[in-house]
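The values are calculated or read from the model by the stated rules, or taken from the named source; none is laboratory data. Quick caveat, the model's predicted, so the values are computed rather than measured. A quick note on method: Cβ atoms are made from the backbone with ideal geometry, for glycine too, and the neighbour counts reach across all protein chains shown. Remember, those area values only see protein heavy atoms, side chains included, never the ligands or the DNA or RNA. Shrake-Rupley method; radii C 1.70, N 1.55, O 1.52, S 1.80 Å.
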Amino acid sequence: MKRNAQKWVLTLVILLISTTLLSAKTPKYIFYCIGDGMSFAHVMATQLYYEHGNNPNGKESLAILDFPVRSAIRTYANNSLITCSATAGTALATGHKTNIDFVGIDPEGKPLTSIAKQLRDKGYAIGIVTSGQIDDATPAAFYASQMRKDAYLIGRDGADSQFDYLAGSALKQPYGKDQKQPSLYDYYRQKGYTICRGIDGFDAQADKVLLLDADTTLRSWLPYVIERDPEAMGLEFMVKTGIDKLSRKKGKKGFFMMIEGASIDHASHPCDIATAVKEGAEFDRCVKLAYEFYRQHPDETLIIVTADHETGGLTLGETSMKPFHWEYVNYQKMSKESLSNLFRRLRKTGEIDTWEKARKILAENTGLWDKIPVNAGEEAKLMQCYYETIVKKNSEQEITLYSRNEPLVAEAIALLARKIGVGWTTFSHTGSFVPLYAIGCQAQQFGSLNDNTEIPNTIRKIMKIK
């Protein structure tokens with residue numbers, strides 16, 4: 001009896017030691033995925049889009065909805081309830097609240113250190129990937145310490161970071177604000193980077209890579225999924241290539257990759273639901289790439305998915321209990337911004353000199369009338385907008401953070417949103433909670449978090465970084 005008791009105690013001790021060792025395990029591979037502007041409503045909208053037959057893989061669920069760890073995160077700034085991408089990015093990267101438009105610096109202007117830099121110093125390969133500019137607010141928060149407006153200096157900080165893989169659409173200010181500063185492209189090369197352009201220009205053998213879009217004139221984010229050439233570089237290519245590159249880096253303990261779906265935010269500022277949902281779907285496909293890697297390395301991989309803030313005040317249920325029509329998302333052929341640019345050009349050249357011509361262009365690019373029913377009252381409202389803005393030339397533009405939109409296009413896209421079954425409350429950010437999902441090694445540590453600063457601090461804890 002005594003021997004059995006001793007064996008039981010010994011077994012219990014071994015189990016306790018094994019459990020402790022297992023809980024102390026640190027991930028070798030970390031994916032930090034940030035859906036810029038992505039709220040719970042954005043997640044649900046993309047899920048509903050999938051459930052109506054729009055998932056190319058045939059599955060009905062977003063990857064994150066199967067993740068076992070879930071939470072809700074506050075996003076406020078140090079000096080404002082409503083945050084911005086610079087401030088929220090800094091919180092997600094460094095674990096510190098700061099002021100609006102501060103990137104990687106505290107409210108007194110002192111530099112902060114990101115979790116990416118700390119992992120770099122511990123011997124991990126680092127990748128920063130975004131569908132926006134590589135020197136924009138969110139990616140910049142992981143390597144820069146500047147004011148947001150100083151894009152040229154942020155670009156220099158990117159080269160100085162010596163991160164292994166930087167991928168985005170473009171550099172905002174490669175020659176400074178006045179186009180007279182030394183070339184950032186030359187500076188990156190001096191720092192040991194190979195600058196690659198697009199899918200065909202990628203150099204898999206290069207040591208450190210700055211990957212940009214093949215269009216050398218581009219200074220903004222990648223073209224939206226809704227209107228992008230299927231053969232052009234997208235976020236998925238950058239993520240897939242980055243995973244392959246970072247996982248093959250010799251002499252590294254593992255890797256850390258930040259993945260930003262920047263254009264969820266860009267499409268939500270002008271309240272463009274079809275464009276935003278398709279950006280959300282691309283972001284989900286990138287999370288799935290990380291999940292596929294996790295399935296190959298389940299005991300060594302941690303995936304965290306969250307957002308920097310909510311954009312647009314998206315709500316589901318504009319239809320007053322009528323059915324949603326998520327199939328209508330597929331009838332829109334170009335973003336609200338691009339359609340506005342088209343109308344602005346045609347208005348100036350006089351090519352839309354009748355309502356019938358304007359109606360035809362709207363129908364071709366939104367599905368209204370051709371595939372989506374429009375009643376007499378709705379058409380009358382659009383016709384009145386046409387008369388005021390095209391005929392009378394009273395064209396006061398709808399101004400959002402990233403675009404100027406033609407009133408007639410804005411009215412048509414708003415009608416399409418109501419037909420789909422969603423509503424918006426603002427062209428800006430909101431103070432709403434945003435989602436957090438996690439899976440993998442030490443994922444349980446993220447289950448009770450409720451503030452964006454806690455995410456990098458929790459990573460520090462599990463990685464034993466002081």
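Let's see how each residue does on (1) open to solvent by 20 Å² or more (accessible area, probe 1.4 Å); (2) part of a loop (DSSP other than H, G, I, E, B):
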| site | (1), (2) |
| --- | --- |
| Y143 | no, yes |
| D160 | yes, no |
| K180 | yes, yes |
| R189 | yes, no |
| I199 | yes, yes |
| A204 | yes, yes |
| P223 | yes, yes |
| G242 | no, no |
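If the requirement is being at pLDDT 95 or above, over 18 Å from A267 (Cβ atoms) and open to solvent by 40 Å² or more (accessible area, probe 1.4 Å), which of these qualifies: A363, A376? Before you say what the answer is, go through the steps one by one.
On the way: A363 fails: open to solvent by 40 Å² or more (accessible area, probe 1.4 Å).
Matching residue, one of A363, A376: A376.
Can you tell me which of V305, V329 is part of a helix (DSSP H, G or I), surrounded by 15 or more Cβ atoms within 10 Å (Cβ to Cβ) and of a type outside the set (F, W, Y)?
Details: V305 fails: part of a helix (DSSP H, G or I).
The conditions single out V329.
I need every pair where a residue in the range 32-54 that is under 13 Å from F324 (Cα atoms) has its Cβ under 6 Å from the Cβ of a residue that is open to solvent by 20 Å² or more (accessible area, probe 1.4 Å) and assigned to a helix (DSSP H, G or I), sequence separation at least 6 or different chains.
H52/E327
Can you tell me which residue in the range 393-441 is modelled with the lowest pLDDT, limited to those that are in a loop (DSSP other than H, G, I, E, B), surrounded by fewer than 21 Cβ atoms within 10 Å (Cβ to Cβ) and more than 22 Å from the chain's Cα centre (by Cα)?
Going through the qualifying residues, I end up with S395.
Report whether or not E388 is surrounded by 13 or more Cβ atoms within 10 Å (Cβ to Cβ), touching a strand residue (DSSP E or B) at 6+ places or on another chain (Cβ under 6 Å) and either at pLDDT 95 or above or among the acidic types (D, E) (or both). Steps first, answer last, please.
On the way: surrounded by 13 or more Cβ atoms within 10 Å (Cβ to Cβ): yes; touching a strand residue (DSSP E or B) at 6+ places or on another chain (Cβ under 6 Å): no; either at pLDDT 95 or above or among the acidic types (D, E) (or both): yes.
No: the conditions fail for E388.
Could you list, in sequence order, all residues of the range 265-286 that are within 26 Å of T301 (Cα to Cα), crowded, with 24+ Cβ neighbours inside 10 Å and of a type in the set (A, V, I, L, M, F, W, C)?
Listed by number, the residues that qualify are F283, C286.
If the Cβ limit is 7 Å and pairs must be 6+ apart or interchain, which residue in the range 249-275 that is more than 17 Å from L235 (Cα to Cα) pairs with which residue that is of a type in the set (A, V, I, L, M) and assigned to a loop (DSSP other than H, G, I, E, B)?
S268/L314; H269/L401
Say we look at the range 191-241 and pick out the residues that are within 15 Å of the chain's Cα centre (by Cα) and at pLDDT below 95; which of these is farthest from D284 (Cα to Cα)?
Step by step, filter the range 191-241, then rank; the result is S220.
Residues that are within 23 Å of the chain's Cα centre (by Cα), of a type in the set (S, T, Y) and modelled with pLDDT of 95 or more: does the range 150-157 have at least one?
The answer is yes, given that some residue of the range 150-157 is within 23 Å of the chain's Cα centre (by Cα), of a type in the set (S, T, Y) and modelled with pLDDT of 95 or more.
Please specify each residue of the range 334-360 satisfying the condition of being of a type in the set (A, V, I, L, M, F, W, C), within 28 Å of H269 (Cβ to Cβ) and either open to solvent by less than 30 Å² (accessible area, probe 1.4 Å) or touching a His at 6+ places or on another chain (Cβ under 6 Å) (or both).
In the first step, residues of the range 334-360 are kept if they are of a type in the set (A, V, I, L, M, F, W, C); the result is 334, 339, 342-343, 346, 352, 355, 358.
With within 28 Å of H269 (Cβ to Cβ) added as a condition, the list becomes 334, 339, 342-343, 346, 352, 358.
L339, F343, L346, I352, A358 - these are the residues of the range 334-360 that are of a type in the set (A, V, I, L, M, F, W, C), within 28 Å of H269 (Cβ to Cβ) and either open to solvent by less than 30 Å² (accessible area, probe 1.4 Å) or touching a His at 6+ places or on another chain (Cβ under 6 Å) (or both).
Does the range 212-220 include one or more residues that are more than 26 Å from G176 (Cβ to Cβ), of a type in the set (K, R) and open to solvent by 10 Å² or more (accessible area, probe 1.4 Å)?
Step one: filter the range 212-220 for residues more than 26 Å from G176 (Cβ to Cβ), giving none.
No: zero hits.
List the helices (runs of 4 or more DSSP H) inside the range 21-128, counting only whole elements, that have at least 2 residues being open to solvent by less than 40 Å² (accessible area, probe 1.4 Å) and closer than 30 Å to K253 by Cα.
Numbers: elements: 40-49, 85-94, 115-121.
The qualifying helices (runs of 4 or more DSSP H) are 85-94, 115-121.
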